[in-house]
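Notes follow once the structure below has been shown.
The values are calculated or read from the model by the stated rules, or taken from the named source; none is laboratory data. Note that this is a predicted model, so its numbers are computed, not measured. We place every Cβ from the backbone using ideal geometry, glycine too, and count neighbours over all the protein chains shown. To get the accessible areas, we keep the full protein, side chains included, count just its heavy atoms, and leave off ligands, DNA and RNA. Shrake-Rupley method; radii C 1.70, N 1.55, O 1.52, S 1.80 Å.
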Amino acid sequence: MKKKMLLLNTTVLLGLGGVLSTPAYASTIQDMESQKSQIQNQRQDVQSNIKAASDELTRLQAEQDQMKAQLERLTLAEEENNKKAQKTEADIKETSKQVDQLEKEIKLLQEKLEKRNDILKDRARSMQESGGNVEYLQVLLGSSSFGDFVDRALAVSTIVDADRGILKETKNMQDELKTKQADVKSKLASLEDMKAELDEMTVQLAAQKKQKDALAKELKDKEAKNEELKASLQSKDSSLANEQSTLEQNIKDQKAAEEAAKEAAKKAAEQAQKAAAAPAEKADSPSPKAAPKASSNDVAPTSAPAPKASNVVTVGNRWIGNSAYVFGGGRSQSDINHGLFDCSSFVHWAYSQVGVNLGPLGSVSTETLKHAGTQVSSSQMQPGDLVFFDTYKKDGHVGIYVGGGKFIGAQSSTGVAIANMSSGYWKQKFNGRVVRI
């Protein structure tokens, strides 16, 4: 009897052990866990790519915003330069009319003086015929030109006071008109030089704006492609997340089925033992422990603080790529806020940032700046010195020497930028004037 009971108990325990081991279940769960791990790894890669795409989109957006601001700045500068060009052209036309009018007046006056010359010579001949002073005639008739004649006539004391007054008044009028003519011609030449500078600047600004437009389009295209890539990656991540969720549910269901099978086998064994009317030892099986929780660490990006300018050589770097050249610009706070400078106003602003006043902002020019300090030899040039260039006129451009054969200044083609003065265009235009503040 005991042998039968022992045999029965052994059979039940063996059957229960076979059920509890469930090699088929274990194999299936292990496969699914492996698939889940693979999907998680794929998701990590995809999410890393999504983050990289998001970071790139952020960078492109910031670059695009900066480019948009520069385009707006260039457009404003172009409008201001066009206004100044139109005003200069109108001033040229008006000054040309003044020159023409003065030349007509001078011509009429010369004709009037020639007639007076004939009258005075007739008087001289009459004086000779009537026994006048021969020396007087020799002085007058020996003149080489009408101007010489007037000068001689005024010097001869024998001319009557009335004639002397007429001659002197006429000569003063002639001198005054010639002075006015010279002044107006000088003004006209200056205006024409300015107009040539403005025309060149307008062409350069238009070319630069075209270049910026092309770059902005390129950035926009990159942004669109990156958005498309990001959307594709997000779609893939969503699909992988669904697969992972399905696997996790399958694993959960499989584990539940396994537990149910174990519980059923356990109950069957208990019933078998009761049926045999013999006590059976209950086998304790360790309960499955929960899978370890996955952890992730997010590392927040850090950015170093932007370096601050410390002297006049570097203080203007903030405007590189963020400014535009405006003829006569930079003389109001509004212009400065928008980064609109010409060469002399930029130099004035840069020195003001390090506590040096170069005179009234409203009247600063290359002419005032070349007298603002001490002129030194170009062989002794040091960073911070002012350097001058002959562009549309003598000393028409000024910048700040930064060392290494380069200077920083507001250039018509680039706005504030660092340029090379040891070769090319600026080497040709450098006139050797160096002023130390």
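Observations, loosely collected:
- Filtering K112, K93, K83, K87 for residues that are modelled with pLDDT of 85 or more, out of contact with any Pro (no Cβ under 6 Å at 6 or more places or on another chain), charged (D, E, K, R) and under 30 Å from N172 (Cα atoms) leaves a single hit, K93.
- Restricting the range 219-260 to residues that are of a type in the set (D, E, K, R) and more than 30 Å from R59 (Cα to Cα), the residue that is least open to solvent (accessible area, probe 1.4 Å): E258
- Taken as a whole, the range 194-206 holds at least one residue that is charged (D, E, K, R), closer than 23 Å to Q101 by Cα and at pLDDT 80 or above.
- Restricted to the range 365-390, and to residues there that are of a type in the set (D, E) and in a loop (DSSP other than H, G, I, E, B), the residue that is nearest to G403 (Cα to Cα) is D385.
- Meets criteria (modelled with pLDDT of 80 or more and in contact with a helix residue (DSSP H, G or I) (Cβ under 8 Å, 6 or more places away or on another chain)) for Q40: yes
- Boolean, K180 is in contact with a Leu (Cβ under 8 Å, 6 or more places away or on another chain) and open to solvent by 70 Å² or more (accessible area, probe 1.4 Å): yes
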